[in-house]
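Student: Here you go, one structure.
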Amino acid sequence: MSDVSFEFRLRNTRKDRVQVALEPWAETRVLEPGVSMKIKVSGPLSDDPGQQMEIRLDTENRISLWGWTASSITVDQ
């Protein structure tokens, strides 16, 4: 099985702070208004729909980035 790796920027265009949760690791970061963070994701590639990254808007001020089995998510600001 091969690995997949990708990066994207998450920007807060709101006037309030946004909490970014990295799941299932229960790590959180705060994204201040007008600021962005670079998200790096890597892990084994799978055809299983349950083994893909999921981004959830949980509440107005909370976003969850869900990794899959054996994946990792890192954040650089």
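Student: Hey, for a label at Glu54 modelled as a point 7 Å past Cα toward Cβ, could you say which residues of region 3-38 have their backbone N under 16 Å away?
Tutor: Of the residues in region 3-38, 21-26 have backbone N under 16 Å from the label point off Glu54.
Student: If contacts are Cα pairs under 8 angstrom and at least 6 residues apart, what is the relative contact order of the chain in percent?
Tutor: Answer for the chain is 35 percent.
Student: Further question on the same structure: Could you give each residue of region 11-17 its phi-based ³J(HN,Hα) in whole Hz, using Karplus coefficients 6.51, -1.76, 1.60 with θ = phi - 60°, and x for Gly or Pro?
Tutor: 3J(HN,Hα) across region 11-17, in whole Hz: 10, 9, 9, 7, 8, 10, 5.
Student: Taking the Cβ of each residue in Ser2, Ser72 as the centre, tally the other Cβ atoms inside 10 Å and list the residues starting with the fewest.
Tutor: Lowest count first: Ser2, Ser72.
Values quoted throughout were computed directly from the atomic coordinates according to the rules given, and no laboratory measurement underlies them. It should be emphasised that the depicted structure is a prediction, and the values quoted were computed from it without experimental measurement. Every residue, glycine as well, gets a Cβ built from its backbone with ideal geometry; the counts of neighbours run over all protein chains shown.
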